[in-house]
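Trainee: A single structure is presented below for examination.
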Amino acid sequence: MKDLDASIRFYHDVLGLEFSNEPSPWFEGEGLGPAVGVPGAALRQVSLLLGDTTLELLEYKSPPSETAMPLKSNCIGASHVAFLVDDIEETKAALEAKGIEFFSDVSVVDEGVLAGWRWVYFSDPDGYPLELVEVAYYNEDERREGIAAYLASR
């Protein structure tokens, strides 16, 4: 994150994630860099609740980032967070009313492995990709058979 406070406004105030802890002070010192795999690290963090998972947001004071934007989704090391929602059209409209711009209309999948999925991407203030996902229906027997076939073929 370039600016932890801006990210908190986005993830907490706009998306509605609740705090797991308040924003930390700056952490730094000889042991921090090796512990996080970033030599010379100085950072602060906040943890927000995402269901029964914690989303940890970090702002580094040092060393400076080697990138200006998050990696594109096709790059090794890239990631994104998907939010499972009950009604994707309603959630998308509510976020658009708060100023969120989406990459496209909602994509609908009704065949194949992801049959029943509805999804759409947007990004946070730093350009980190985020996704809304609705599973409108789920053929559990078909999915279990597909998983079993995959595992048997390995």
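Each value in this text was obtained by applying a stated rule to the coordinates, not by laboratory testing. These numbers were taken from a predicted model, which means no experiment stands behind them. No Cβ is skipped: glycine too gets one built from the backbone with ideal geometry, and neighbour counts run over all protein chains shown.
Trainee: Given +1 on the Cβ of Lys and Arg, -1 on the Cβ of Asp and Glu, and no further charges, what dipole in debye does the chain carry about its Cα centre, rounded to the nearest 20?
Mentor: Dipole size: approximately 560 debye.
Trainee: Please report R44, R143, R154 as a ranked list, fewest other C-beta atoms within 10 angstrom at the top and most at the bottom.
Mentor: Fewest-to-most ranking of R44, R143, R154: R154, R143, R44.
Trainee: Would you mind finding the longest exposed-site-free stretch of the chain, with exposed GluC sites (Glu not before Pro) meaning DSSP loop and at most 10 other Cβ atoms within 10 Å?
Mentor: Longest stretch, sites excluded: 112-154.
Trainee: A follow-up question, please. Lysines near K2 by alpha-carbon distance under 24 Å, same-chain residues fewer than 8 away left out - which ones?
Mentor: K61, K72, K98
Trainee: Could you tell me which chymotrypsin sites (Phe, Trp or Tyr not before Pro) in the stretch 98-154 are loop residues by DSSP with no more than 15 other beta carbons within 10 angstrom of their beta carbon?
Mentor: F103, Y137, Y138
Trainee: Additional query: Helix-only estimate, please: 222 nm mean residue ellipticity of the chain, summing -39500 (n - 2.57) across DSSP H runs of length 4 or more and dividing by its residues, to the nearest 500.
Mentor: That comes out to -6000 deg cm²/dmol.
Trainee: Decide, for the stretch 28-109, between rounded, prolate and oblate: order the square roots of the alpha carbon gyration tensor eigenvalues as a ≥ b ≥ c, take rounded if a/c falls under 1.5, and otherwise choose prolate if a/b is larger than b/c, else oblate.
Mentor: Note, shape of the stretch 28-109 comes out prolate.
Trainee: Within the stretch 1-94, list the chymotrypsin sites (Phe, Trp or Tyr not before Pro) lying in a DSSP loop whose Cβ has at most 13 other Cβ atoms in a 10 Å radius.
Mentor: Sparse-neighbourhood loop chymotrypsin sites (Phe, Trp or Tyr not before Pro): W26.
Trainee: While we're looking at this one, here's another question. Which stretch or stretches of the stretch 103-123 have amide N atoms under 20 Å from the point lying 7 Å from S153's Cα along the Cα→Cβ direction?
Mentor: What the label zone holds, given the 20 Å backbone N cut-off, is 110-116.
Trainee: In nanometres, what is the gap between the two model label sites at V135 and S62, each 7 Å from Cα along Cα-to-Cβ?
Mentor: Reported label-point gap for V135 and S62 is 4.6 nm.
Trainee: Also, quick follow-up: Grab every C-alpha pair in the stretch 68-154, bin the distances at 5 angstrom width from 0 up to the longest one, and report whole percents.
Mentor: Pair shares across the bins are 3, 13, 19, 18, 17, 15, 9, 5, 2, 0.
Trainee: Give me P(r) over the chain, computed from all C-alpha to C-alpha distances, binned every 10 Å, as integer percentages.
Mentor: 9, 30, 33, 18, 10, 0
Trainee: Then there is this: Placing +1 on the Cβ of each Lys and Arg and -1 on the Cβ of each Asp and Glu in the chain, which of T91, N139, A152 has its Cα farthest towards the positive end of the resulting dipole?
Mentor: Checking the options against the dipole of the chain, the answer is A152.
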